[in-house]
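Contents: one structure, followed by commentary.
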4 protein chains.
Amino acid sequence: MIVHNETSTGITSDLYGVRKVLDSTNHPALLLVDIVSSLGTTDYRHDEWGVDVAICGSQKGLMLPPGLGFNAISEKAMITSRNSQFKKYYWSWEQILELNKKGFYPYTPASGLLVGLDESLDMLQEEGLESIFKRHDDYSNATRIALNHWGLENYCKDADQYSQSVTAILIPDGHDADQLRATILEKFDMSLGTGLGKLKGKVFRIGHLGDLNELTLLGTLAGVEMGLELCGVPHNKGGVQQAMNFFTSL
Amino acid sequence: MIVHNETSTGITSDLYGVRKVLDSTNHPALLLVDIVSSLGTTDYRHDEWGVDVAICGSQKGLMLPPGLGFNAISEKAMITSRNSQFKKYYWSWEQILELNKKGFYPYTPASGLLVGLDESLDMLQEEGLESIFKRHDDYSNATRIALNHWGLENYCKDADQYSQSVTAILIPDGHDADQLRATILEKFDMSLGTGLGKLKGKVFRIGHLGDLNELTLLGTLAGVEMGLELCGVPHNKGGVQQAMNFFTSL
Amino acid sequence: MIVHNETSTGITSDLYGVRKVLDSTNHPALLLVDIVSSLGTTDYRHDEWGVDVAICGSQKGLMLPPGLGFNAISEKAMITSRNSQFKKYYWSWEQILELNKKGFYPYTPASGLLVGLDESLDMLQEEGLESIFKRHDDYSNATRIALNHWGLENYCKDADQYSQSVTAILIPDGHDADQLRATILEKFDMSLGTGLGKLKGKVFRIGHLGDLNELTLLGTLAGVEMGLELCGVPHNKGGVQQAMNFFTSL
Amino acid sequence: MIVHNETSTGITSDLYGVRKVLDSTNHPALLLVDIVSSLGTTDYRHDEWGVDVAICGSQKGLMLPPGLGFNAISEKAMITSRNSQFKKYYWSWEQILELNKKGFYPYTPASGLLVGLDESLDMLQEEGLESIFKRHDDYSNATRIALNHWGLENYCKDADQYSQSVTAILIPDGHDADQLRATILEKFDMSLGTGLGKLKGKVFRIGHLGDLNELTLLGTLAGVEMGLELCGVPHNKGGVQQAMNFFTSL
């Protein structure tokens, strides 16, 4: 099991690399991946990369409110599930797939979100995946340009693993990321992601995915830069300006 | 008849001054004012300033879609209207006021917007008028700080008449404001106001009223500054930064 | 000037007949028609019937909230308007038509309703006008079958002028239509149309147009029949049953 | 584990009776109940009846789209859960309850539905539970009066167990309930509940709960009665009339 884009750390994993390692060992394990925060922001190739089960939700790159979860399933995973002796009912795919053929679902679906999904998919098709991935790459680049200028540190150290969906930023020792977040929320009505688990108080996260554009992102970066100033977190002013320069240079 | 805040030029008129001049001449004329783009952004005192008829709409400071128009009417205006020999039916206040008492309207009202208005008024009451006017003053200040830094010119020359709702900015000779607007719309999906009438092509307008905050405005200013760069309009970079400095200094 | 379907009385006028009379007199007058409550319920042929100006709104057969008004204009009406010496600005078509070509409107349009209109028109096209007119004819037939069974009287006496949009029903002497309406509103949360002007208290109106179907209409008729019972208005029970029989016989 | 109101059969169980039997045996088992389709339609007393865990959703008596699930938990259930050696993470209450105190939830909640829930609860409080239960009792009574008149059979045989939320109706031998449902859907755009499992084709279900009133229900019953006619299912006409008589007699 592996997370494609880890929302809590802003790190994207090399799924295809994992697949190749698995293949090299001839291990029969299924490859399960969480693509909740990468679908619609980052290139993902279910069949080509030999993923067995992908797990996703509606609330990130699909630009919908939370409330839908769904899977993509390989032939191998279907067979394994059918042959498995584990008890399952609600989580069983058989009945769902059978009813899906006729446009139904065995339980009560979140019908409002399905109507929204229809529209989201039209929007994504209209723009085209290549443009969508390019935009998210630009947004994440602009975010890193700003944080580098501020002199802050990206929690993700490996450029190959930078996330196109979210960036987690370390706050200097002696400062509290949650205090920064609270100030920005109170002053500018913007809610940034908190650090989770052992990162609590040490990082804050900027989501740059889904229904946003350059100006939304620049407003976001402006909120962060002003928050750093108001909280006395040492930084170099001008990160927003650098991000603007990046966008006009494209 | 006078416009309180002129949307097309970003100029706010001294209504009370006009009232005093009228009073000094003992002229019986009614004072009619258009407060469409000032209500909910700028201090306005219907009774205290002796306004006879105020004309307003839903789509600016009241934060609603367009579709509602309404009046505030002085006793003197009511009497004048009643005694007037002009034919009127649809524009007559009598029947409207009579039915309003019971919560009705003589024709088919835009009922959806009335429900929205109920919520808008709650929001405005909850924040308080003093805070609302202060915020809009801050937004307009930040906008002027940016345009001054860019080296562009405010169409409004008199600081006493700066608008808290909208700022019209002159573009240097040899450049076309509508070309700038088109570039910003295409690149950043932001639609700025056009110059109207003889200002066509010479000014563009930034609305800074209603449902927005500091970050929305900074995103807007970033879009303008990047547009100036992309269109080759001479300007000093850093206007957004100056606006940010202003907001953190408050 | 003539109303195609009079909402207050449930009477549909023979527009083409009026046109022919006008033609027979060789009178140059323009023919102006109000199609607010007939468009989308009743056959209307602007060009074929030689109408010069049609006036309509969004809130009836177009199934939208109130808030849009619009015209269809003949060549003759355009020329007359252009040559007219009457002062006009807001009501002038010239500027509107010019800007409409590029998808704009000279003032602030009720943009939310325009998005809704796009959907309404798709729905109407998908069903087809023939089916839409047939359905509204069925609804009005079912309504008349019920009121005839109740022993009440249609305000419209001439079967050629029955409205496909709304039926106005006379209440027997000694009873108050508005008392009936109030009882139905309180007991069953259904708001029927009131009698207007000299019909006040004498008629109530059932709208059977727009976003409704057989079951909505039967629920409506059930509310009326139960209201008659509760208010002690003499009537024969079974009007809803007769309307049901009509629908199953189609 | 027991279902308070069984949606698939229209049978309401005597939860308090079950509680008393459990108590009489001094068995330590927890009492878990599904109140998905009874909450907001049927009297339910979590503490008084000694229920340990209630399971509910947003899409029935709470009048919302599907998408929220929630529990009410007794002290005993909390202790049992805490002491249990079963592995659990997503289904664990501890973290949820801890974060709920501050208005949060450990995962991504269906935030749009929580806003809707706020409004639903206001509506339910405003009407009062006594009135809500009385209304649903009336609706179910009216439905049974109609089906009895039609000469059809309620799947629930025991009057003490009639559901206030939904009624499952047996179709006579030789007829197919799903054919009836399909006809009603096609002709009158009304989707009735299907028979589930071994009841497939043998029953159809009428939901009479949530956001509806007398007229909605009568429209529903009219659709069923007309469907019976169109499908040639033997029945006595007049069921809707009997339901109307019942409502006017209240």
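The values are calculated or read from the model by the stated rules, or taken from the named source; none is laboratory data. From a predicted model like this one, the values you see are computed outputs, not experimental measurements. Backbone-built Cβ (ideal geometry, glycine too); neighbour counts: all protein chains shown. Heads up: the accessible areas ignore ligands, DNA and RNA and are worked out on the full protein's heavy atoms, side chains in. Shrake-Rupley method; radii C 1.70, N 1.55, O 1.52, S 1.80 Å.
For this structure, a couple of remarks:
- The residue that is farthest from residue C:240 (Cα to Cα), among those in segment D:178-194 that are part of a helix (DSSP H, G or I), touching a Phe, Trp or Tyr at 6+ places or on another chain (Cβ under 9 Å) and not basic (Lys, Arg), is D:178.
- Whichever residue in segment D:50-66 is open to solvent by 40 Å² or more (accessible area, probe 1.4 Å) and assigned to a loop (DSSP other than H, G, I, E, B) and, among such residues, is farthest from the other protein chains (Cβ to nearest Cβ): D:63
- Any pair with Cβ under 6 angstrom, 6 or more apart, that starts in segment C:179-204 at a residue that is closer than 27 Å to residue D:139 by Cα and free of Cβ contacts under 8 Å to residues at least 24 places away in the same chain and ends at one that is in a loop (DSSP other than H, G, I, E, B) and open to solvent by 50 Å² or more (accessible area, probe 1.4 Å): C:185/C:191
- Residues that are open to solvent by less than 20 Å² (accessible area, probe 1.4 Å) and either among the hydroxyl-bearing types (Ser, Thr, Tyr) or in contact with a His (Cβ under 9 Å, 6 or more places away or on another chain) (or both) within segment A:211-239 comprise A:217, A:225, A:228, A:233, A:238, A:239, listed in sequence order.
- Condition met for residue A:41 (open to solvent by 70 Å² or more (accessible area, probe 1.4 Å) and under 23 Å from residue D:110 (Cβ atoms)): no
- Close contacts from segment D:215-244, counting a first residue that is of a type in the set (Val, Ile, Thr) and a second that is open to solvent by 10 Å² or more (accessible area, probe 1.4 Å) and assigned to a helix (DSSP H, G or I), with Cβ to Cβ under 8 Å and a gap of 6+ residues or different chains, come to D:220/C:215; D:240/C:241.
- For segment C:160-194, a tally of residues being within 14 Å of chain D (Cβ to nearest Cβ), touching a helix residue (DSSP H, G or I) at 6+ places or on another chain (Cβ under 6 Å) and open to solvent by 30 Å² or more (accessible area, probe 1.4 Å) returns 1.
- Flag for residue B:98 being open to solvent by 80 Å² or more (accessible area, probe 1.4 Å), more than 13 Å from every other protein chain (Cβ to nearest Cβ) and over 26 Å from the mean Cα position of the chain (by Cα): yes
- Residue match in segment A:195-203 (condition: within 12 Å of chain B (Cβ to nearest Cβ) and in contact with a strand residue (DSSP E or B) (Cβ under 7 Å, 6 or more places away or on another chain)): no
- Check on residue C:28, touching a strand residue (DSSP E or B) at 6+ places or on another chain (Cβ under 8 Å) and without any contact (Cβ under 8 Å) to a residue 12 or more places away in the chain: no
- Inter-residue pairs, beta-carbon under 8 Å, first under 19 Å from residue A:193 (Cβ atoms) and polar (S, T, N, Q) and in segment D:92-112, second open to solvent by less than 80 Å² (accessible area, probe 1.4 Å) and not in a loop (DSSP other than H, G, I, E, B), 6+ apart: D:108/A:57
- Scan of segment C:213-242 for residues that are under 12 Å from residue C:177 (Cβ atoms) and within 12 Å of another protein chain (Cβ to nearest Cβ), ordered by number: C:224, C:227, C:228, C:231
- Members of segment D:17-49 that are outside any loop (DSSP other than H, G, I, E, B) and charged (D, E, K, R): D:19, D:20, D:23, D:34
- Conditions (1) in contact with a strand residue (DSSP E or B) (Cβ under 7 Å, 6 or more places away or on another chain); (2) assigned to a loop (DSSP other than H, G, I, E, B): number failed by residue D:175: (1)
- Filter result (under 25 Å from residue D:40 (Cβ atoms) and open to solvent by 10 Å² or more (accessible area, probe 1.4 Å)) within segment D:240-250: D:246, D:247, D:250
- When segment D:134-149 is filtered for residues that are open to solvent by less than 40 Å² (accessible area, probe 1.4 Å) and either over 20 Å from residue D:37 (Cβ atoms) or of a type outside the set (D, E, K, R) (or both), the ones remaining, listed by number, are D:136, D:139, D:140, D:142, D:143, D:146, D:147.
- Considering residues of segment A:150-159 that are open to solvent by 60 Å² or more (accessible area, probe 1.4 Å) and touching a helix residue (DSSP H, G or I) at 6+ places or on another chain (Cβ under 8 Å) only, the residue nearest to residue A:219 (Cα to Cα): A:153
- Answer residue from segment D:195-210, given it is in a helix (DSSP H, G or I) and of a type outside the set (Lys, Arg) and is surrounded by the fewest Cβ atoms within 10 Å (Cβ to Cβ) among those: D:197
- Being at negative phi and within 14 Å of chain B (Cβ to nearest Cβ) is a condition met by at least one residue of segment A:147-157.
- Residues (under 25 Å from residue A:213 (Cβ atoms) and within 21 Å of the chain's Cα centre (by Cα)) located in segment B:151-167: B:165, B:166, B:167
- Residue count for segment A:218-250 under the criterion of being in contact with a helix residue (DSSP H, G or I) (Cβ under 7 Å, 6 or more places away or on another chain) and over 15 Å from residue B:244 (Cα atoms): the result is 5.
- Taking the numbered list (1) within 11 Å of chain D (Cβ to nearest Cβ); (2) within 21 Å of residue C:5 (Cβ to Cβ) in turn, residue C:210 passes all entries but (1).
Each row is one residue, and each column tells you yes or no for (1) more than 12 Å from chain B (Cβ to nearest Cβ); (2) among the small types (Gly, Ala, Ser); (3) more than 26 Å from residue C:12 (Cα to Cα).
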| residue | (1), (2), (3) |
| --- | --- |
| C:105 | no, no, yes |
| C:108 | no, no, yes |
| C:113 | no, no, yes |
| C:124 | yes, no, no |
| C:131 | yes, yes, no |
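- The residues of segment B:143-167 that are of a type outside the set (Asp, Glu) and farther than 17 Å from residue B:228 by Cβ, listed by number, are B:156, B:157, B:159, B:161, B:162, B:163, B:164, B:165, B:166.
- Segment B:73-95, subset of a type in the set (A, V, I, L, M) and more than 26 Å from the chain's Cα centre (by Cα), residue farthest from residue B:56 (Cα to Cα): B:79
- Restricting segment D:22-38 to residues that are surrounded by 11 or more Cβ atoms within 10 Å (Cβ to Cβ) and touching an Asp or Glu at 6+ places or on another chain (Cβ under 9 Å), the residue that is farthest from residue D:12 (Cα to Cα): D:30
- Segment C:67-91 - residue that is of a type in the set (Ser, Thr, Tyr) and exposed (fewer than 14 other Cβ atoms within 10 Å of the Cβ) and, of those, nearest to the other protein chains (Cβ to nearest Cβ): C:90
- Scanning segment B:97-153 for residues that are among the aromatic types (Phe, Trp, Tyr) and in a helix (DSSP H, G or I) turns up B:133, B:139, B:150.
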